[in-house]
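Encoded as structure tokens, the structure appears first; notes follow it.
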Amino acid sequence: MSVIKSIKGVKDLLPEETPRWRLIEETARRWAGRYGFHEIRIPIFEVTTLFARSIGTSTDIVEKEMYTFQDRDGSSLTLRPEGTAGTVRAYIEHNRGAIPVPQKFFYFGPMFRHERPQAGRLRQFHQFGVESLGMADPQADVEVIALLWRILSDLDLPGLTLEINNLGYTADRDTFRPQLVSYLKQHEAGLCANCRHRIEANPLRVLDCKVPECRAITDTAPRLSDSLSEVAHSYFTRVLSGLDVVKIPYSLNHRLVRGLDYYNLTTFEVTATDLGAQNAVGAGGRYDGLVETLGGPSTPAVGFALGLERMSMLLPESTVRKIPKDMTVYVAGFGGHGVVAGFTALEELRLAGLQAVSDFRSTTLKAHLRQADRLGCRFTLIIGDDEVVKGSGVLRDMVTKVQHDINLSTVSAQIHSHFHAS
Ligand code: ATP
Ligand code: MG
């Protein structure tokens, strides 16, 4: 029969890899807790309109990357391509704005985008993200950026740069857009096909096009920073000085833009040199208009999302080595009575809180010891028929090869103490 394979761009995480992921997740979770963010778990699918309206119809995601399908009743549903839309939908639906304290959420989970799969770019990938709702204060921006930076620094990810830009307010961009459009039209012939289309649809996005010819043209384009209002300037200055105070390094990047009206002021991205072409580890910014766009009350908000696959790719060996190894005891029960006594001991050890394993296919001591080595167990508890008669077992240290007799009636307590001593 033919073998059924996984879908293109969708990856299995095998047990060799999951400890790295757990470390990343635990680190993110720990820092999020320290910063007063609480976990939210939102559905993996939602009505399509939610994403179309919140991400914007002129974005890559909505134009060509969404997994959209028709439900049995004919309604259009979409697998979530990101986590902000669902979080904001839940915020509105559960009237969280009525709660008189800031609503600070974090989430983990799979996201789905129909992209061309390559290293660091999958169709099912995973994000950790945070959303801070309710505070229109530069300190809230600094707080989420600091959280992002602490997580990445704690994991010791190499070659990171935090880039930051000021998108100003909608009115500022309304002043800027015609200047940019008229400049781009003058240079239209030199732009890539994508950007020529963007001139009308989403001109700001031309600024962050990666095509070298487009970059050369936009290098000398009018700058949004020259169109920003005094209020927008001063907000951003306070964000930057806040980052200085908490010693988070950044570099200004005028190309960092988002084309949608509910994004404003602070926008940022973290890149890593080691990631090659897919160099973004995470991105975020302020989106004061989104809650209202989705039908909620006007609510300031700021957040970010990190890509877990890319974090895992960057995780250095030195950090991986710090993951504590599981202490597992192997139980070698053999012979008519030894097998039964061995299985009883296995259960006792587990009930006493230890990790205990055996390979039930092994029938000789030699075979058991080989499996104990392969499984990386530090100790083996040997129970043959002779041991059963004596009411004892033999505890073998697999590294030093030293063996001790051990009383079977108090086996778990004794093994506990051996683990502590080793
Ligand atoms: P990119 O420029 O790499 O396409 P993006 O702007 O689409 O990124 P965001 O929507 O800001 O990405 O998502 C935040 C993070 O999620 C990215 O920085 C990246 O680490 C990760 N990410 C996004 N799309 C994918 C994907 N298809 N596969 C793996 N990770 C992804
Ligand atoms: Mg993308």
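Things worth noting here:
- In the stretch 1-78, a dipole from Cβ-located charges (positive for Lys and Arg, negative for Asp and Glu) runs towards its positive end, and of 57, 9, 75 it is 9 whose Cα lies farthest in that direction.
- The alpha carbon centroids of the stretch 162-221 and the stretch 366-422 are separated by 69 Å.
- Centre separation in Å (Cα based) which lies between the stretch 31-45 and the stretch 297-317: 12 Å
- The slack between residue 175 and residue 26, meaning 0.36 nm per residue of separation minus the straight C-alpha distance, is 49.2 nm.
- Extension gain (nm, one decimal) between residue 12 and residue 69, 0.36 nm per residue minus Cα-Cα: 18.1 nm
- When the chain is described by a simple charge dipole with +1 on each Lys and Arg Cβ and -1 on each Asp and Glu Cβ, the residue from 197, 363, 184 located farthest towards its positive end is 363.
- Each Cα pair under 8 Å and six or more residues apart adds its sequence gap; the mean of these over the residue count of the chain is a relative contact order of 15 percent.
- DSSP finds beta bridges in the stretch 328-421, and of those with both partners inside it, around 55 percent are antiparallel.
- Once the trypsin sites (Lys or Arg not before Pro) in DSSP loops with at most 12 neighbouring Cβ atoms within 10 Å are cut out of the chain, the longest remaining piece is 73-209.
- Over the stretch 328-421: Rg over Rh, Cα atoms, Kirkwood Rh: 0.91
- 20 °C / 1.002 mPa s Stokes-Einstein diffusion coefficient of the stretch 214-337, Kirkwood radius on C-alpha pairs, µm²/s: 113 µm²/s
- Shape of the stretch 376-422, Cα gyration tensor, a/c cut at 1.5: oblate
- Compactness of the stretch 130-264 as Cα Rg over 2.2 N^0.38 Å, two decimals: 1.16
- Solution diffusion estimate, µm²/s, Stokes-Einstein, the chain, Kirkwood Rh from C-alpha pairs, 25 °C, viscosity 0.890 mPa s: 98 µm²/s
- Sorted by Cβ density within 10 Å, fewest first, the residues 344, 78, 18: 18, 344, 78
- Residues of the chain were split at every exposed loop site, defined as GluC sites (Glu not before Pro) in a DSSP loop with at most 12 other C-beta atoms within 10 angstrom, and the longest piece left, sites excluded, is 18-422.
- Cβ-to-Cβ counts within 10 Å put 379, 419 in ascending order as 419, 379, the fewest first.
- Estimated FRET transfer efficiency (residue 49, residue 317; beta-carbon r; R0 41 Å; 0.05): 0.35
- Spatially, the stretch 46-60 and the stretch 323-346 are offset by 55 Å when compared through their Cα centroids.
- Sequence of 144, 399 once ranked by neighbouring C-beta atoms within 10 Å, starting from the fewest: 399, 144
Only the coordinates and a few stated rules stand behind these numbers; no lab work does. What you are looking at is a predicted structure, and each value in this text was computed from that prediction instead of being measured. Please note: Cβ atoms are built from the backbone with ideal geometry, for glycine as well, and neighbour counts cover all protein chains shown.
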